[in-house]
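Asks: Before I ask anything, here is the structure I am working with.
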Amino acid sequence: MRLEGVTVSYGGNVVLDSLDLTVGPGEFMALLGPSGSGKTTALRAVAGFVRPDAGRVLLGDRDVTALPPHRRGVGMVVQQYALFPHMRVDANVAFGLKARRTPRAETAARVAEALETTGMAAYARRYPRELSGGQQQRVAIARALAVRPDVLLLDEPLSALDARLRSGMLAELARLHRELPGVSMLYVTHDQVEALTLADRVAVMDRARLQDCGTPHDLYRRPRTSFTASFVGDANLLPVTVAAGGGVEFAGTVLDVPVPDGATAAVPGASATLCVRPHLVGLGDGPNTLRGTLTEVQWRGATHRLYADVGGHRVKADVRELRETPPLGTEVSLHFAARDAVLLPGGTDGTDGRDDLSDLSDLGDLDEGGAADDRSQMG
């Protein structure tokens, strides 16, 4: 599927601004972002429930921008399952096929296949009220798969499930992706764990625009914006100044951190943001040592989360569970390796370095766009 310059607005508020995105055959793409970022609107534009103000939506070689949903050949799974309570499971799964006037024998075969694929064959004669939340979600997925779509759209399908069921459904969705290599999947979520676990690539959205796109590993290890760093995983985002002799200065300490050649941030004296993941920050002296005052300790089972005040800035470190934790107010040393740090353009004043992105990425114009919460426009 391909979106070319897709723009959507409601009442003068732009909720999706010039989105360019391509999902390859058999690829699992996650749209990740906070509420109001435009991700659900993008999904609905592909499904046909939203007509773009500008741009095109293509499925394969077909321009489907003006086609109604039932003529696009896509399957869709939404948050609340939308199962018909008066129909048994097999009838729910057959609904889309009957709407397409599929022959009865073929309908029965496809329903059986879809239920078998989702592990729900034994529940074919039950009503939705007789199923758990996870089972209902599997039925919704089976209904979407029964029409044999080339494109499967999933709109936060796990958000209504508890933690245990969500974990199980993550494994099921990963299995479906492996077993359906010809189906392209577009998955909307605000949960970074879901995106990192399932997706081949993740498109990060904020304020109606695409901010970053790449593999989960690349976005986590080498984010290109402060927003990506903070939204895809946890991160220390520290305001630094590029030092004249190399490296960067933070809270009066010069740190040995590579500065990208040719970037705006490479100019001595320029403001930048240093990104270091908390689990890559160690306790004690070492390379790139920061000294500060311990302000908080959180026990997290296998690890302790330490918070230290370093020159008025909070630094987080996730360290292996300590037998004895230092008292609050103690001076502590934290360190990190140069290879574990990423220098991002711009300061930490909320701009996320967007004005300097052209120096570090090839995403093109990513100026901020206004956005309303697209959920409020769905009815």
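Every read-out reported here was derived from the displayed coordinates using simple, explicitly stated rules and does not represent laboratory data. Predicted, not measured: the structure shown is a model, and the values here were computed from it. Cβ coordinates were reconstructed from backbone atoms using ideal geometry, including for glycine residues, and neighbour counts include every protein chain displayed.
Asks: Which of the listed residues, A251, G24, S167, is farthest toward the dipole's positive end in the chain, when Lys, Arg count +1 and Asp, Glu count -1 at the beta-carbon?
Replies: With unit charges placed on the Cβ atoms, the residue in question is S167.
Asks: Give me the percent relative contact order of the chain, please, defined on Cα pairs under 8 angstrom at least 6 residues apart.
Replies: 18 percent
Asks: Non-local amide H neighbours of A160 (under 5 Å, H modeled in plane, Pro and chain starts lacking H): which ones?
Replies: It is none; the list stays empty.
Asks: Could you run the Karplus curve 6.51 cos²θ - 1.76 cosθ + 1.60 with θ = phi - 60° over the range 237-244 and give me ³J(HN,Hα) per residue in whole Hz, x for Gly and Pro?
Replies: Karplus-based 3J(HN,Hα) across the range 237-244 equals 10, 10, x, 10, 10, 5, 7, 5 Hz.
Asks: In whole Å, how far is the Cα centre of the range 197-213 from that of the range 96-130?
Replies: Rounded to whole Å, the Cα centres lie 33 Å apart.
Asks: What is the range 226-352's relative contact order, in percent, from Cα pairs under 8 angstrom and six or more apart in sequence?
Replies: 30 percent
Asks: Let me ask you something else. What value does the range 146-278 have for Rg/Rh, both radii from Cα atoms and Rh as Kirkwood defines it?
Replies: Ratio value, two decimals: 1.11.
Asks: With the dipole of the chain worked out from charges on the C-beta (+1 for Lys and Arg, -1 for Asp and Glu) around the Cα centre, which of T41, A94, V188 lies farthest toward the positive end?
Replies: Value: A94.
Asks: Where does the chain land at 222 nm, in deg cm²/dmol rounded to the nearest 500, when only DSSP H runs of n ≥ 4 count, each adding -39500 (n - 2.57), divided by all residues?
Replies: -7000 deg cm²/dmol
Asks: On to the next question. Exposed loop GluC sites (Glu not before Pro) only (DSSP loop, at most 11 other Cβ atoms within 10 Å): please give the longest stretch of the chain free of them, not including the sites.
Replies: The longest uninterrupted stretch comes out as 1-320.
Asks: For the range 78-90, what does the Karplus curve 6.51 cos²θ - 1.76 cosθ + 1.60, with θ = phi - 60°, yield as ³J(HN,Hα) per residue in whole Hz, taken in order and with x for Gly and Pro?
Replies: 10, 4, 9, 6, 6, 7, 7, x, 8, 10, 5, 4, 5
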